[in-house]
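Rule-based calculations on the coordinates, nothing more; no lab input. Computed from a predicted model, the values in this text were never measured in an experiment.
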Amino acid sequence: MATKNISWAPDTGLPLPGKKLKAAASSSSQQPPSLWSKDKELQDGLYVPPADLKKQHTLRKKTVKDTAGAKWFDMPAVSLTPEMKREIQLLKMRNVLDPKRHYKANDSKEIPKYFQIGTVVEGAADFYSGRLTKKERKMSFADELLTDSSLKAYTKRKYSEIQEKHQDGGKKFWKKKVEKRKPVWARS
């Protein structure tokens, strides 16, 4: 049975006697672990936590991942992309999209820190006409709304109504007012 020569030396940050300085410089450029940094001391090349309990607690808090908690199945905080932000804004303004549907008021105006977006999968029990066809399905909620022709017509009509309502007084406004005074049979 052959024995191997095994040795260990503490990591002091200084180059080892048999190695060149270039190799030591390249190894020091590596990322240190998240628990310790330059100002913390290493003893025999090992990390020793601070003696102060408050400092230990803050270190532990920093290393724990940001989640909604155990009661929410440790749902992680999502990094918000512009597309996701747009989707959430559309969901918050959904009461404007359809005049026939009424929704409960939103809890808050800001975007939540913890959330997940999923896809609705129709069950086999749903009838075919109740589902969206593959052609109608889009990559995002915003794309689906943009392709809906009835929604386009509704928003166009509402937009023109609002523009008419807030129209400045002028020649067109005065003509409309005079036209309304005329009897129905005399209007052009």
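Students often get this wrong, so check it: of Lys65/Lys134; Lys92/Lys165; Lys113/Lys134; Lys92/Lys171, which have C-alpha atoms separated by over 30 Å?
Lys65/Lys134; Lys113/Lys134; Lys92/Lys171
Specify the inter-centroid distance of segment 75-151 and segment 168-186, based on alpha-carbon positions, in whole Å.
Between the Cα centre of segment 75-151 and that of segment 168-186, the gap is 43 Å.
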